[in-house]
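Let me begin by presenting the structure, written as structure tokens, before commenting on it.
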Amino acid sequence: MASTTQFLISLPPKPPYLLSYSSPSKPRFINITCCLSIQQARNDQTTSSGSNALNGLRVAFAAGGTGGHIYPAVAIADELKLVNPTSEILFLGRPNSMESTAIPSAHFEFKSIPAVKLVRPFFSLRNLLLPYFLIKSITKCFTLLSKFEPHLVVGTGGYVSFPVCLAALLKGIKVVIQEQNSVPGIANRFLSLFADLVFVAFNSTVQSFPRKEKCVVCGNPVRLSLKNSVSKAVSRLHFFPWLEKMEGSSEEIKVILVLGGSLGANAVNIALLNVYSQLLLEHENWFIIWQTGVESFNEMESLVRSHPRLLLAPFLHSMNMAYAAADLVVSRAGAMTCSEILATGKPSILHLWRIINIQLTSLPQVKLSIRVT
């Protein structure tokens with residue numbers, strides 16, 4: 001017998017690869033469903049116990065490097081557990097990394113692998129040992145997947161997902177990849193040639209993949225925790241506990257959430273570094289929650305003066321609280337950040353890195369003007 005699990009994905013009305021599609025004269029709703037069948041053979045006659053029985057769907061996630069790769073995987077895993085609580089989830093990523101702390105915080109099992117990063121330019125001397133480390137990483141992934149025996153492997157891009165998905169393909173496990181950005185990276189471009197399905201966020205992204213018939217336009221997944229309603233007052237007390245003793249109306253308080261990326265967006269951090277002191281001095285009811293990014297935290301911490309209305313952190317694990325507390329979000333225009341801001345409905349100031357970098361090279365000082373009404 002064979003056990004079958006189906007994933008149902010709703011597509012938008014007009015995918016770009018359906019060239020024969022003609023728009024109707026009157027608006028109407030179109031729902032196209034794509035099914036991915038996952039089968040695992042069972043031979044009850046050769047098993048002496050029920051340990052090999054299919055008790056639930058088993059899915060392995062290859063995610064790591066940055067929050068943009070980690071949290072889409074967490075969002076998908078959340079939905080799988082919500083739909084099927086018996087599902088077994090395993091995350092694979094690097095040791096001593098962002099994913100090694102973020103995944104356990106999301107209450108999912110995590111196993112480390114020796115992922116290797118491709119150094120650019122490609123012909124750099126630092127890539128000479130890349131084949132050796134890649135084979136070593138694939139071997140480790142192959143062993144972990146053999147023990148877990150997943151029905152499906154989901155890769156969300158980046159160099160961490162590359163060896164995991166390759167090992168899954170060698171084992172004959174179905175592989176799907178999810179691309180958050182408008183332009184895919186090297187790993188997802190290559191893996192799309194062998195993946196069963198490619199989930200993309202934007203219609204234009206389909207054109208970047210060689211096998212367009214595999215693409216499913218479904219938007220970016222958003223973490224389940226961001227959908228849970230948390231009151232603004234409770235969220236603000238989470239970051240600034242002393243607010244409970246503060247006199248006056250809490251409605252006058254304005255909180256600015258600054259997201260410098262998961263690793264660190266220098267443009268946002270430098271811009272805020274130039275104006276944070278003046279903002280807090282001129283507005284006594286303004287508070288700032290500032291995520292600097294892991295790689296930028298030590299530098300920013302050494303430059304920023306301590307202030308009771310300023311919270312400086314390398315990374316915010318409780319993003320649902322941060323969004324709930326904020327009146328305004330200032331951030332780089334990352335694909336996942338934009339999706340989360342859209343889901344939470346927060347006013348935002350976003351920047352495109354090319355524009356900010358041009359300003360940084362042409363001006364001695366970049367100032368960020370913010371007005372919250």
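The values are calculated or read from the model by the stated rules, or taken from the named source; none is laboratory data. Note that the coordinates shown come from a computational prediction; the quantities given were computed from them, not determined experimentally. Cβ: placed from backbone, ideal geometry, glycine included. Neighbour counts: every protein chain shown. Please note that ligands, DNA and RNA were not included when accessible areas were found on the heavy atoms of the full protein model with its side chains. Shrake-Rupley method; radii C 1.70, N 1.55, O 1.52, S 1.80 Å.
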### Message
Residues of the stretch 202-226 with backbone nitrogen within less than 19 Å of a virtual label 7 Å along the Cα-to-Cβ line of Leu193, please, listed as ranges.
### Response
206-215
### Task
Would you tally the net charge around Gly93, using a Cβ to Cβ cut-off of less than 11 Å, leaving Gly93 out, and scoring K and R as +1, D and E as -1?
+1
### Sum of side-chain charges, Val83 neighbourhood, beta-carbon under 15 Å (Lys, Arg +1; Asp, Glu -1)
0
#### Entry: Only Lys, Arg (+1) and Asp, Glu (-1) charged, at Cβ; the stretch 225-351 dipole about Cα centre in debye
240
## Note on the structure
For Lys174, other-chain or 5+-apart residues with amide H closer than 5 Å (H placed, Pro excluded) are Val153
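How high is the relative contact order of the stretch 58-221, given as a whole-number percent (alpha carbon pairs under 8 Å, six or more residues apart)? Numbers along the way, then the final one.
Working: 316 pairs, mean separation 35.6, N = 164.
After rounding, I find 22 percent.
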### Query
After finding the eigenvalues of the alpha carbon gyration tensor for the stretch 201-350, what semi-axes result from the square roots of 5 times each, listed largest first in whole Å?
32, 19, 12
### Task
Convert each backbone phi in the stretch 238-243 into a coupling constant with the Karplus relation 6.51 cos²θ - 1.76 cosθ + 1.60 (shift: θ = phi - 60°), then list the ³J(HN,Hα) values in order as whole Hz, x for Gly and Pro.
5, 8, 10, x, 6, 4
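Report in % the part of the accessible area of the stretch 225-351 that belongs to carbon and sulfur, leaving out ligands and nucleic acids; probe 1.4 Å. Spell out each step's value before the answer.
On the way: 3150 of 6120 Å².
Answer for the stretch 225-351: carbon and sulfur cover 52 percent of the accessible area.
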### Message
P(r) for the stretch 270-330, please, calculated from all Cα pair distances in 5 Å bins and given in %.
### Response
4, 16, 30, 26, 19, 5, 0
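What order, most packed first, do the peptides 153-160, 119-126 have when packing is the mean number of other Cβ atoms within 10 Å of each residue?
Values: 153-160: 27.0, 119-126: 9.5.
Highest-to-lowest ranking by the protection proxy: 153-160, 119-126.
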### Message
Relative to 2.2 N^0.38 Å, what does the C-alpha radius of gyration of the stretch 91-149 come to as a ratio? Two decimals please.
### Response
1.31
### Message
With the alpha-carbon atoms as the only input, what is the per residue convex hull volume for the stretch 58-221 in Å³?
### Response
107
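Can you check what the net charge comes to around Pro184, using other residues whose Cβ is under 14 Å from the Cβ of Pro184 (Lys, Arg +1; Asp, Glu -1)? Can you show the working numbers first?
Values: positive: Arg189, Arg211, Lys212, Lys214; negative: Glu179.
Net of charged neighbours comes to +3.
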